[in-house]
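Below is one structure; the comments refer to it alone.
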């Protein structure tokens, strides 16, 4: 009973596939000709579903998709809830190391005074001006 719907009893059915050649008459040809027949099976669209019974038991059943759709809509089948998964804990990326300034001894820090910019000399207006 591995490929049978437990609700409606739908099971695999045997059938045929036809290999054809030629152009259809409505397209201007002489018709399609059958060149081969192959046996095949049409399987039911079975789904394995966890079902919760009224007494609280949970078990799996194989049910075709058409029966599953109507049974869930009508409320004749109550699908069992999944176990909640633990949340994923994502660790924050490590902080980049803080830039460390080279330590200067306190004596050197007092000796070094901030250097002043050299003062500009006043320009001589007569020298270097050709256009006046």
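The values are calculated or read from the model by the stated rules, or taken from the named source; none is laboratory data. Treat the numbers as computed from the prediction; the structure is a model and nothing was measured. All Cβ positions, glycine included, derive from the backbone under ideal geometry; neighbour counts span all protein chains shown.
Among all residues of the stretch 23-42, there is at least one that is within 35 Å of the chain's Cα centre (by Cα) and modelled with pLDDT of 95 or more. Has the stretch 58-70 got at least one residue that is at pLDDT 75 or above, over 29 Å from the mean Cα position of the chain (by Cα) and more than 20 Å from residue 9 (Cα to Cα)? Yes; the residues of the stretch 58-70 include at least one that is at pLDDT 75 or above, over 29 Å from the mean Cα position of the chain (by Cα) and more than 20 Å from residue 9 (Cα to Cα). When 95, 80, 91 are checked against the criterion of being modelled with pLDDT of 75 or more, surrounded by 10 or more Cβ atoms within 10 Å (Cβ to Cβ) and within 34 Å of the chain's Cα centre (by Cα), a single residue qualifies: 80.
Considering only residues in the stretch 35-61 that are part of a strand (DSSP E or B) and touching a residue at least 40 places away in the same chain (Cβ under 8 Å), the one that is farthest from residue 21 (Cα to Cα) turns out to be 61.
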